[in-house]
Every structure is written in structure tokens, then in C-alpha cells.
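Encoded as C-alpha cells, the structure appears first; notes follow it.
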Amino acid sequence: MNYIELSHATKTFKKADGTRFAAFEDVSFGIERGEFVCVLGPSGCGKSALLNAIAGFSLVTSGSVKIGGEEVKEPSPKRVMIFQNYGLLPWRTVLKNVELGLEERKIPKEERRAIAEKYVEIVGLSAFKDERPRRLSGGMQQRVSIARALAVDPEVVFMDEPFAALDAITRMKLQDDVLKLSREEKKTVVFVTHDVGEAVYLADRILILSPNPGRLKSVVNVTIGREFRDRSSADFFQLQKQVFELFEGKATENPVEYYI
């Protein structure tokens with residue numbers, strides 16, 4: 001049994017004129033514990049809506065979403081979301097931002113500080129722990145949000161295009177950081193992106209959605225180990241080309257699984 005399981009999940013929204021539209025429709029797939037899965041698709045295919053449904057922020061209209069065998073009905077402290085806009089509190093220092101979730105869990109002050117310092121060090125920001133967000137670069141702010149998410153020891157980390165606003169070099173560095181942390185912390189990660197190269201570099205498995213409404217059209221099992229995914233290698237370019245062709249190809253009536 002999969003750790004995360006979606007069965008015929010559909011999410012509809014009401015438009016201003018009273019009609020309804022489906023953000024995603026009849027989506028079924030499973031995710032194993034500890035797996036790094038990327039949800040890949042163009043704008044308007046329901047990627048973020050799907051992520052919010054799995055996280056419990058917006059319930060599906062029909063079908064089901066289960067985590068650990070239990071139906072998702074609301075957000076859980078066992079699951080955290082990392083957004084593109086960082087979500088840091090500008091009046092709090094780096095360390096105090098990382099402590100935020102621990103405060104909500106009523107962790108004692110000394111223990112809270114020790115945990116926060118550990119994760120600030122893991123993301124390489126110990127020298128900036130007393131700085132406020134306005135003094136940090138975009139990449140550094142995203143590292144703070146990652147440290148804050150991991151500090152509460154979640155079972156699942158959801159990431160909604162977290163690097164989209166960053167420059168290419170910073171983005172690649174943070175991709176490396178997230179891969180390293182996901183392995184070391186043994187977290188289940190569901191990562192939304194519209195970037196084929198990013199999905200290929202990060203994922204154990206890629207779920208490709210087609211738009212209007214979002215439907216699962218391809219599942220790509222990435223068989224090349226993460227440690228061998230050199231962005232400059234011929235193998236990586238070939239892998240990226242194969243996924244891009246699936247990404248750009250016509251939607252299929254039933255999802256097709258590929259091993260590449």
C-alpha cells in the first residue's frame with residue numbers, strides 16, 4: 001500500500017458567473033514513503049490545486065486523498081508546505097523564524113533554540129542567524145524557509161515551485177541542497193514545477209499533467225540514480241529530452257508509465 005494515495009480525485013471551483021470548472025479531474029496515483037515525486041505541468045494544469053488537496057488545504061470535490069491510510073480532511077502538523085514567496089516574518093531574525101513552528105508546538109525554549117540552530121547550520125546560515133530577512137538574498141531566505149519546515153520534523157514536505165523566482169545559479173544550488181536534505185532527513189517530498197530540467201534532476205518519479213482540466217497523462221520512473229545525474233552529461237540531456245517529449249506530447253486517455 002502506498003503512503004500517499006489518490007483515487008479518482010477531482011477538484012472543481014465555482015466561477016463568478018455561477019458555473020463550475022475543474023482544476024484537475026479523475027487523478028489517481030500513489031507515492032511511497034521517502035519518495036521524491038515531482039508534479040510537472042504547464043501553467044493552468046492544476047498542479048498547485050492538486051498539491052493543496054494532498055496537503056489538506058483544499059479538499060477534493062470527489063474521489064479521495066489518503067496519507068498513511070487516513071483520508072485527508074485538513075492540514076496536519078506532520079506535513080509542511082514550502083512556497084515560492086518564503087513566508088518569513090520580517091520582524092523576526094533567521095533563528096526566530098526557524099523557531100516559529102516549534103513555538104506553536106510548545107517546545108521548551110532551550111530545546112527550541114537548539115533545534116533551530118541545528119537546522120540553520122544544516123542550510124549553511126549560522127553566520128546569519130541573528131539577521132532579519134530583508135538583509136538576506138532570495139536564495140538565503142528560501143533556505144530559512146526550508147530550515148523552518150524541517151525543524152518541526154514533518155513526515156511530508158510539499159514544495160510549490162519554491163525556486164521559480166530565483167536566478168539559475170542559486171536555483172541549482174538549492175536543488176542540490178534539497179536533494180541532500182531529503183536523503184539525510186528521509187522525507188517524503190512532493191514538488192510542483194513547470195521546469196522539465198528541474199523535475200529530471202530532482203525526482204525519483206515524475207507525474208506529468210495535461211491542462212484544462214488537469215489530468216495525469218504520464219508517469220516517469222527515473223531509473224538513473226540521483227548521484228549520477230550530472231546536468232552537463234549527455235545522459236542527462238537525453239533523459240531531459242525524453243521527458244520534454246512526453247511533456248509536450250498529446251494527452252492520452254489513460255496515464256502511461258515510462259522507465260527512463
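Which of the aspartates and glutamates could a cross-linker span from Lys187 if the Cα-Cα distance has to be under 17 Å and same-chain partners fewer than 8 positions apart are dropped?
Cross-link targets: Glu5, Glu32, Glu35, Asp153, Glu155, Asp160, Asp176, Asp177, Asp204.
By how many degrees, 0 to 90 and rounded to 10, does the Cα axis of helix 109-122 deviate from the longest principal axis of the chain?
The angle comes out at about 60 degrees.
When the helix-only estimate is applied to the chain (DSSP H runs of n ≥ 4, each -39,500 (n - 2.57), divided by the residue count), what is the mean residue ellipticity at 222 nm, nearest 500 deg cm²/dmol?
-10000 deg cm²/dmol
Between Lys118 and Thr223, what is the spin-label point distance in nm, taking each point 7 Å from the Cα along the Cα→C-beta axis?
Each label point is offset 7 Å from its Cα along the Cβ direction, giving 3.9 nm.
Mind pulling the angle between the C-alpha long axis of helix 234-248 and the longest principal axis of the chain? Nearest 10 degrees, somewhere in 0 to 90.
60 degrees
Report the chymotrypsin sites (Phe, Trp or Tyr not before Pro) located in the stretch 79-125 that are in a DSSP loop and have at most 13 other Cβ atoms inside 10 Å of their Cβ, or state none. Could the numbers behind the result be given before it?
Values: sites: Phe83, Tyr86, Trp91, Tyr119; in loops: Phe83, Tyr86, Trp91.
Taking the stretch 79-125 and a limit of 13 other Cβ atoms within 10 Å, the loop chymotrypsin sites (Phe, Trp or Tyr not before Pro) found are Trp91.
In terms of Cα to Cα distance under 18 Å, which lysines are near enough to Lys241, apart from those fewer than 8 places away along the same chain?
In chain and number order, the partners are Lys217, Lys250.
What FRET efficiency do you get for Ser232 and Asp17 if R0 is 35 Å and r is their Cβ-Cβ distance, rounded to the nearest 0.05?
0.10
Net charge near Leu102, counting Lys/Arg +1 and Asp/Glu -1 over other residues with Cβ under 15 Å of its Cβ?
Details: positive: Lys78, Arg92, Lys96, Arg105, Lys106, Lys109, Arg112, Arg113, Lys118, Lys129, Arg148; negative: Glu99, Glu103, Glu104, Glu110, Glu111, Glu117, Asp153.
Local charge sum for Leu102: +4.
Write down the percent of antiparallel bridges among all DSSP beta bridges whose residues are both part of the chain, to the nearest 5.
50 percent
Taking θ = phi - 60°, what integer Hz values does the Karplus form 6.51 cos²θ - 1.76 cosθ + 1.60 yield along the stretch 207-223, in sequence order, with x for Gly and Pro?
Once rounded to whole Hz, the list reads 9, 9, 9, 9, x, 6, x, x, 10, 6, 10, 8, 10, 10, 8, 8, 8.
What are the residues whose amide H is under 5 Å from the amide H of Tyr258, where those residues sit 5 or more places off or on another chain and H is modelled from the backbone?
Here Val219, Val220, Asn221 satisfy the definition.
Using the 2.2 N^0.38 Å rule of thumb for compact globular proteins, work out how the stretch 110-260 stacks up: its C-alpha Rg over that value, please.
For the stretch 110-260, the normalised Cα radius of gyration is 1.17.
Rounded to two decimals, what is the ratio between the C-alpha radius of gyration of the chain and 2.2 N^0.38 Å?
Normalised Rg, Cα atoms only: 1.02.
Filter the GluC sites (Glu not before Pro) in the stretch 210-260 down to the DSSP loop ones having no more than 14 other Cβ atoms within 10 Å, then list what survives.
Answer in residue order: Glu253.
Just for the Cα atoms in the stretch 28-167, what are the lengths along the principal axes, largest first, rounded to whole Å?
Taking max minus min along each principal axis of the Cα atoms, the stretch 28-167 gives 46, 36, 25 Å.
Under 10 Å, Cα contacts only: if you run a Gaussian network model on the chain, which one of Gln142, Gln238, Gln84 comes out with the highest mean-square fluctuation?
Highest fluctuation of the listed residues: Gln238.
Is the C-alpha gyration tensor of the stretch 217-260 telling us rounded, prolate or oblate? Criteria: a/c under 1.5 is rounded; beyond that, a/b larger than b/c is prolate, otherwise oblate.
Working: a/c = 4.25, a/b = 1.90, b/c = 2.23.
Note, shape of the stretch 217-260 comes out oblate.
Show me the GluC sites (Glu not before Pro) within the stretch 1-66 that DSSP assigns to loop and that have at most 16 other Cβ atoms within 10 Å of their Cβ.
Within the stretch 1-66, the qualifying GluC sites (Glu not before Pro) (loop, at most 16 other Cβ atoms within 10 Å) are Glu32.
Please say if the stretch 111-166 is rounded, prolate or oblate, where rounded means a/c under 1.5 for a ≥ b ≥ c the square roots of the C-alpha gyration tensor eigenvalues, and otherwise the choice is prolate for a/b larger than b/c and oblate otherwise?
oblate
Convex hull over the Cα atoms of the stretch 145-224, averaged projected area in nm²? Each step should come with its number before you reach the end.
Values: hull surface 24.3 nm².
Dividing the Cα hull surface by four gives the mean projection, 6.1 nm².
Sorted by packing (mean other beta-carbon atoms within 10 Å per residue), highest first, where do 72-79, 228-235 land?
Ranking, from highest mean packing down: 72-79, 228-235.
Within the stretch 131-260, what percent of beta bridges assigned by DSSP are antiparallel, to the nearest 5?
Counting only bridges with both partners in the stretch 131-260, antiparallel ones make up about 40 percent.
Values quoted throughout were computed directly from the atomic coordinates according to the rules given, and no laboratory measurement underlies them. These numbers come from a predicted model, not from an experiment. So basically every Cβ, Gly included, is an ideal-geometry build from the backbone, and we count neighbours across all protein chains shown.
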